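Structure, as structure tokens:
Bear in mind that the values in this text are calculations on the coordinates, not laboratory data. Please read these numbers as outputs of a predicted model, since none were measured by experiment. Neighbour counts run over all protein chains shown; Cβ positions are idealised from the backbone, glycine included.
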């Protein structure tokens, strides 16, 4: 019997100083798995919500000119979200509603008209995507649809909507989201990862070998495939394995993919359960290789389950809400959520995307002229939208990528968590901003 | 070699789950004579109960009372196992006890109803989102064979083996065990010896519930706690139980562990450079294909020697009267349907379109189960294949109407033929198990495959266009308010449904239909009358698959994509439940079943107009199936799996009365 796999000296050299420092940061840390106490050492540490809302920033990102309560006839926004099934993002809707509440209460809505959300949820079936599309088309009051991250129902939703109403995609996934007619993706999510992750791994982590682990959920496979292709295109070697989507046993895939011998580990974990399982396997294996995960893993649910967030690198196509943010966007988001979202609402995962998308929608509606909205005017305004997107890249440009014309940007920001609430901006800004 | 051993050890975790479930299956089969496909659901119930107790709640159907704080690990484990045992006892008293005189296939279908019911209760309480299960066993990692093996794997393996040995000893040396074996081998003689098969069934099913629950609790931390994973773990467990001939606990334990090891080694092999990939990705669902192969091999190998408790029973299905009038009711219903498509609001119109497609799906079971008495758990797999062919032909060859749908339907029929070939050797309940494994394998290996499957987010399907007219749901139509779905697409679905109803009705009236009923009534009698029983079964399977091929084509055009989720095993289970509820042997039943299917008219009204979650439909389907199988007179009239094994039927009278002829105006007249 031998001990845990050791990296060869050559491999260690290749990983570079950044990787070594990451590994050093991880040594001795160890995750306190299985703790379920809310008052765990990392729970909410140093993250008390700001109490003052920066109204100026609110007006900038929402295009609002007024203030106070909106009183006119409501403007209805369609909101599609995936909720209630194996992949569920209820926080997206909660945050979107909080943004609408803030907009209506303090910024005069859109041109004095309050914003109303008509929500349609996709649980787990393609038929629900179709139903949501039909619901959006049948409601003549809806001129703009805001779409959450969907990994089921996307085809039928886009096939039904068919570009007849503009679709503001808050979280885009590989597939029809990137090329749907009259669709505008604010947040490229994993597609941003495809473009930016190889650059980050190559230039910042100096990685040459990457161990990828994904479950066999078709949506996640698609994400894994696109990121793998991007990394390989940059000359790095990727070993990828998949495991049954219902499994929380990640020791086997970790071992199968030779995680101990790679320069960096990249799990495609998009649900808290998968993130928690990954963290437990990472701890159990005793591996100290840097692990780069989606920012979706930096959630309160994960922190609650593990006692603290794992000491990983977290990527995000929006700013990390836990990390220091000199722009003030995160403080604004936290302050509004503290006032307008239900107590204890999840602030991470897809919540920032839902929040930012509603404010972006407001800006588009303002630009279209809120008094006489038509589908054509809103579509034109959406196409011309360049930001600034709250917590997003400083600039968006739709149509800049001919293969994926719906994407506004594919930029990503990377942070490393060092424990005790301390975060480091390891990418030193956005990577792969649109030109 | 070290790596292979390492992965075998890592596979012991899921292997323990399969081993425990296989042992639970053996217990239920020994005690109640039932192949309980809800064993995985019982494990899931135990795991969720434990989860609830650790969260400070007691899990009850429709109630989740607060206990004032979480229970400790040990008391929560004990309480959860006791509650699982109670569930087993309840199932025996409320369901299995009523099926003692039923044929094995009826019992299997009842256990399908139980699976759906338990799953629905869990979905209604916890939703479909996975939870992180609380751990019971502790232990760090052990470094061996070049890797780290969590100690928990070895602990659960040891527990599975110890349980296997203990159960073997108990059934060999204790009075209870010997009595159970006696009742299993010959129930009539056991009764004459003063034993109570009913009491023994109760005890065995109670133990089976406790065992399944305990295994679920122990293994859930290695799986995600969700409504599907543990429930469908019954598929490899069935393979292990088949290897054990539903008799040996130790063999079941070892076979289950072997299935886990197989799964784990497959994971390892997929990372090797020489192993085939699919567009650079490991092939999903490979373990499910291996499980299918193991089950098929076990059935081929041990098919004739598997214990066929109740296999001697040859009662009949509900009446399948030949329709006297076809044209007039069809015309009336088509006229009503056409008006409905034009006047209904968009959501009910879509619900009606979904209902029409579901009616056709139910018709496939009218032919297969209602006319021939066979059960297939792969119906929606046929439909998915057909839809996928339509999609791929459109994407890669630009083929549309009429070739793509025709080829799609042909592919489904061909797959139906391939799927039924084992029927030459495997019958009835075992064939149903095989189709279950095939459906899971096709779903995960076929539809999810990045190369030839539906891809990550479904495979797109272009709208059907003829002479520039869009016939799909997104096409325009002067009536119907201008909102999708297009009434024209609904009218096409209505026409196809009417055509299929007429065809199935005529099939019943034809000579082929009469021969099918003859096979359904008695395979032996049919064979004696010169009817080719395998030929009739193969024909029925192919016709049934053909009909599901039509369903696949319409579904693909309906959604504009082929999503694997539409063609999963749970949908097939719900289809069986609702088709059986409506009336499995008559076209009227298919119409009722279609109304109740997910996304249909009833579901739309329930969800959009009453505000009840659609998950209640799953509960309704499960409960209805159990009630229908257990309470109606037809419950004891399911056809036998096949000729009784020599020496079994001559000693025992059939415990339920057998009607002289199938009811209906036209008795079966097999050809000489």
Peptide B:265-277 - average C-beta neighbours from other chains (10 Å radius): 3
Ascending count of other beta-carbon atoms within 10 Å, so fewest first, for A:297, B:493, A:120: A:120, B:493, A:297
Spin-label model distance (nm) - residue A:65 vs residue A:386, 7 Å beyond Cα toward Cβ: 2.0 nm
Mean shadow area of the stretch A:255-340 over all directions, Cα convex hull, nm²: 6.6 nm²
Residue-span extension gain [residue B:627 to residue B:97] - 0.36 nm each, minus C-alpha spacing: 189.5 nm
Rounded to 5, percent antiparallel among DSSP beta bridges of chain A: 20 percent
Two-decimal ratio, the stretch B:416-555, of alpha-carbon radius of gyration to 2.2 N^0.38 Å: 1.39
Per-residue mean of C-beta atoms belonging to partner chains within 10 Å, peptide B:596-602: 1
Percent of beta bridges antiparallel (DSSP, the protein assembly as shown, rounded to nearest 5): 35 percent
Förster radius 22 Å - calculated FRET efficiency between residue A:367 and residue A:141, Cβ distance, rounded to 0.05: 0.70
On Cα atoms only, tilt of B:12-32 relative to the major axis of chain B in degrees: 80 degrees
Rg/Rg_ref, the stretch B:564-635, where Rg_ref = 2.2 N^0.38 Å and atoms are Cα: 1.10
At R0 = 25 Å, FRET efficiency that the Cβ-Cβ distance of residue A:261 and residue B:452 yields, to 0.05: 0.20
Pairwise centroid distance, computed over Cα atoms, of the stretch B:4-71 with the stretch A:303-355, Å: 36 Å
Calculated diffusion of chain A, Stokes-Einstein form, Kirkwood radius summed over Cα pairs, 25 °C and 0.890 mPa s, µm²/s: 112 µm²/s
Computed label-point distance, nm, for sites residue B:275 and residue B:189 using a 7 Å Cα→Cβ extension: 4.9 nm
Nearest 10 degrees, 0 to 90: helix B:569-583 Cα axis against chain B principal axis: 60 degrees
FRET efficiency for residue B:162 and residue A:179, using Cβ-Cβ distance with R0 set to 41 Å, rounded to 0.05: 0.10
Fewest-first ranking of A:404, A:251, B:42, B:1, using other Cβ atoms within 10 Å as the exposure measure: B:1, A:404, A:251, B:42
Centre separation in Å (Cα based) which lies between the stretch B:549-578 and the stretch B:172-241: 33 Å
Ordering of B:224-233, B:176-185, B:20-29 by burial proxy (mean other Cβ atoms within 10 Å per residue, highest first): B:20-29, B:224-233, B:176-185
q = 0.11, 0.12 Å⁻¹: log10 I(q)/I(0) that the Debye formula gives for chain B, counting C-alpha atoms only: -1.13, -1.33
Chain B, relative contact order in percent, only Cα pairs under 8 angstrom and at least six apart counted: 22 percent
Residue order, fewest to most surrounding Cβ atoms within 10 angstrom, among A:287, B:605: B:605, A:287
Distribution of pairwise C-alpha distances over the stretch B:120-243, 10 Å bins, in %: 11, 29, 30, 20, 9, 1
Chain B: angle of helix B:428-441 to the longest principal axis, Cα-based, in degrees nearest 10: 80 degrees
Rg in Å to one decimal, and Dmax rounded to a whole Å, for the protein assembly as shown via C-alpha atoms: 29.6, 91
Measure of compaction for the stretch B:96-174 (Cα Rg per 2.2 N^0.38 Å): 1.71
Between the stretch B:462-486 and the stretch A:171-197, the Cα center-to-center distance that results, in Å: 29 Å
Binned Cα-Cα distance frequencies in the stretch B:327-610 - 10 Å width, integer %: 7, 29, 36, 21, 6, 1, 0
Average other protein chain Cβ within 10 Å of Cβ, residues B:144-152: 6
Spin-label pair residue B:169/residue B:532, simplified geometry with 7 Å Cα→Cβ offset, distance in nm: 5.5 nm
